[in-house]
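What follows is a short report on a single structure.
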Amino acid sequence: MALKKPEFILFDYGQTLVKEGGYDGAAGFDSILRYASSNPMGVTGADLQAEEDKLNAELGRFNPAKRNQRLTEISEESINRYLFAKLGVEFPRDCDLRDLEHEFWEAANPYEPCEGIGELMTFLKSENIPTGVVSNLSFCGRTLEKRIYNAIPEADFAFVISSCDYLFRKPSRHIFEVALSKAGVSPDKVWFCGDQIVPDVQGSSALGMTPVWYKGNLRYDSECELTEGIEIYSWSELIDVLKSLG
C-alpha cells in the first residue's frame, strides 16, 4: 500500500527522542535523600538502590529477556514509597514524591537529544502535523514532559503518555488506544516512531498505524528485519520521506 502523509505522528521516548546514558540509581536516591525529614538508620542512596535491585528481580522488572512480556507498569513513586517506608525514611508532609522524580532522574541518568530531532520537530510544526509521545516508563508523565522539553525545546507535543499513568505498557493495545483517542485520528492516518521492534513497530502496526523504525540509537533488535513500515537511521531521512509525500 502506498504511503500517505500522516495526520498525526506518535513517538517513543528513550533512544528515539532522547539518547540516555548509563543509569546510576544510587546517585538518584542520594540527590533526593537531602529532602528527608527523618532517616534514623542513616540509609544511603546505595542502600536504597540495593533494596530496589532485589525487588526488581523479584518482580521481573528490567529483565531484557522478558522486556516485551510485561504488559503492565509499576510506578517509580510506588516503588519508592515502599522502599522509604521499609527503611524508615520520611519526608515532610508537603513533599510530593512525584515532585522529586525529576531531580532523581536528572541525577541518575544523563541524556541528550537524538541527533536531528529538534530539526524534525521544527519541520513537523511547519507542516502542521501534530505529535504526541507514548513511553514505557516508571516515571510519571509530568516528569517525562520536563525531561523532554529540557532536551528538545523545539517540541510541542499535544500530549505525553507514560505507561505508569495508564497501567499498560507497549505493545499492549490498551495504551495505543489511549493515544489514538487523545489524537482523535483513525489509526491508518497515524505514524508511530520508535526504536524497538516489538513494543513500537509491531505494537503500533497491530492497531493499523504505520510504524517508523528509528535505528539511530539501537540497543536491542539489531538482528531483526522490518517487514512493514518505514526504516530510517536518522531523523533527516524522515523529513525527506515526508517531503516526498507533498
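The values are calculated or read from the model by the stated rules, or taken from the named source; none is laboratory data. Predicted model, so just to flag it, every value in this text is computed and none were measured. Quick reminder, even Gly has a Cβ in these numbers, built from the backbone with ideal geometry, and neighbours come from all protein chains shown. Accessible surface is based on the protein model in full, side chains and every heavy atom, while ligands, DNA and RNA are left aside. Shrake-Rupley method; radii C 1.70, N 1.55, O 1.52, S 1.80 Å.
Points to keep in mind about this one:
Yes/no matrix, rows are residues, columns are (1) β-branched (Val, Ile, Thr); (2) farther than 24 Å from Asn217 by Cα; (3) open to solvent by 30 Å² or more (accessible area, probe 1.4 Å):
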| residue | (1), (2), (3) |
| --- | --- |
| Leu10 | no, no, no |
| Gln15 | no, no, no |
| Glu20 | no, no, yes |
| Thr44 | yes, yes, yes |
| Glu51 | no, yes, yes |
| Pro64 | no, no, yes |
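- Residues located in region 66-85, provided they are buried (at least 17 other Cβ atoms within 10 Å of the Cβ) and more than 30 Å from Ser204 (Cβ to Cβ): Asn80, Leu83, Phe84
Results for (1) within 30 Å of Val185 (Cβ to Cβ); (2) free of Cβ contacts under 8 Å to residues at least 60 places away in the same chain, shown as yes or no for each residue.
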| residue | (1), (2) |
| --- | --- |
| Thr16 | yes, no |
| Glu20 | yes, no |
| Asp24 | no, no |
| Ala27 | no, no |
| Ser37 | no, yes |
| Leu48 | no, yes |
| Lys54 | no, yes |
| Gly60 | no, yes |
| Asn68 | yes, no |
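- Boolean, Cys224 is over 30 Å from Asn80 (Cβ atoms) and open to solvent by less than 10 Å² (accessible area, probe 1.4 Å): no
- Single condition Glu112 does not satisfy, out of (1) surrounded by 18 or more Cβ atoms within 10 Å (Cβ to Cβ); (2) outside any loop (DSSP other than H, G, I, E, B): (1)
- Residues satisfying the stated conditions in region 195-221, i.e. among the aliphatic types (A, V, I, L, M) and either open to solvent by less than 20 Å² (accessible area, probe 1.4 Å) or in contact with a Leu (Cβ under 6 Å, 6 or more places away or on another chain) (or both): Ile197, Val201, Met209, Val212
- Verdict on Pro130 being over 18 Å from Leu238 (Cβ atoms), more than 13 Å from the chain's Cα centre (by Cα) and either open to solvent by 20 Å² or more (accessible area, probe 1.4 Å) or of a type in the set (Asp, Glu) (or both): no
- Spans of helices (runs of 4 or more DSSP H) in region 1-106 with at least 2 residues among the aliphatic types (A, V, I, L, M) and in contact with a Gly (Cβ under 8 Å, 6 or more places away or on another chain): 25-33
- The set of residues in region 171-192 being open to solvent by less than 10 Å² (accessible area, probe 1.4 Å) and either of a type in the set (Val, Ile, Thr) or over 10 Å from Ser204 (Cα atoms) (or both) consists of Ile175, Ala179, Val190.
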